[in-house]
1. What is the residue count in segment 42-67 for residues that are among the polar types (S, T, N, Q) and over 26 Å from the mean Cα position of the chain (by Cα)?
2. Hey, Trp39 hits all of (1) among the hydrophobic types (A, V, I, L, M, F, W, C); (2) part of a loop (DSSP other than H, G, I, E, B); (3) modelled with pLDDT of 85 or more but one; which does it fall short on?
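The values are calculated or read from the model by the stated rules, or taken from the named source; none is laboratory data. This structure is a prediction, so every number in the text was calculated from the model and none was measured.
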Amino acid sequence: MFDVSSLGRTSRSESLGRTSRTESRYVSHVVSRPYFTYWVTFVQLTCFFFMTAVYGIADIGFQQTNVTGQVSCVTTFLGI
């Protein structure tokens, strides 16, 4: 039968065994490296520096520019 007096109690050896298993799972999890995150960060930084070198840094603020010229108007005939 089930013994109610031992409910919630564990012996010291069981407790130590459980802790070592938990620690071993934690250590194995910590040892793994997030290589995908490193790769994505590397690619984003490479693209950022390349695009900054090619296009430069944009001006901060707003400015208004007036452009004058002729506009070409092309009409299409759908023939429906």
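1. Let us first name the residues in segment 42-67 that are among the polar types (S, T, N, Q), namely 44, 46, 52, 63-66.
Going one step further and asking which of them are over 26 Å from the mean Cα position of the chain (by Cα), we end up with 63-66.
The qualifying residues number 4.
2. All conditions pass for Trp39, except number (2).
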